[in-house]
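Reading through the structure tokens given below for one structure.
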């Protein structure tokens, strides 16, 4: 006979993520497991994980680590919370940088610059919060009500690419 022990899934999480690509997979895995444990739909979880990835990538590319001045060392902070009404907020905080987070208009052949546009497509709303110590937090309120699984593919089409499977495959390499 097997005994099942109920584990309470937290309504919020916060974690330090190394400033660079090394910790992004770990953060995605943790977020995916916790949000699934909260009973959020796979479509919402996939969107939230993609948003977290974009925010962490931007923080590592454009921001400084928390408490440090040199890029490349230290951590950024990732956090997510499901409030009592079931709304999901995702946040990433870094030590600030030389530019403000704003959506770009990249050329068709540009290798980057689409992250905040993707976030805008997936989010109910998003914004930037500055602290007096120079920290910058980008927060995103994820659409959870009336969410359809095909929402992302109808807004951002990438033929032959399933983002949930892609991120899981990348996570397995980390």
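Here, each number is a calculation from the coordinates, and none is a lab measurement. Small disclaimer: the values here were computed from a predicted structure and weren't measured. Please note: Cβ atoms are built from the backbone with ideal geometry, for glycine as well, and neighbour counts cover all protein chains shown.
Numbers for the structure displayed
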{"item": "Percent breakdown of C-alpha pair distances by 10 Å bin, ordered from the shortest bin, for region 22-107", "result": "16, 45, 29, 10, 0"}
{"item": "Ordering of 132-143, 87-98, 45-56 by burial proxy (mean other Cβ atoms within 10 Å per residue, highest first)", "result": "45-56, 87-98, 132-143"}
{"item": "Extension gain from residue 14 to residue 85, taking 0.36 nm per residue of separation minus the Cα-Cα distance", "result": "23.6 nm"}
{"item": "Label-to-label distance, nm, for residues given as residue 41 and residue 61 (7 Å Cα→Cβ offset)", "result": "2.9"}
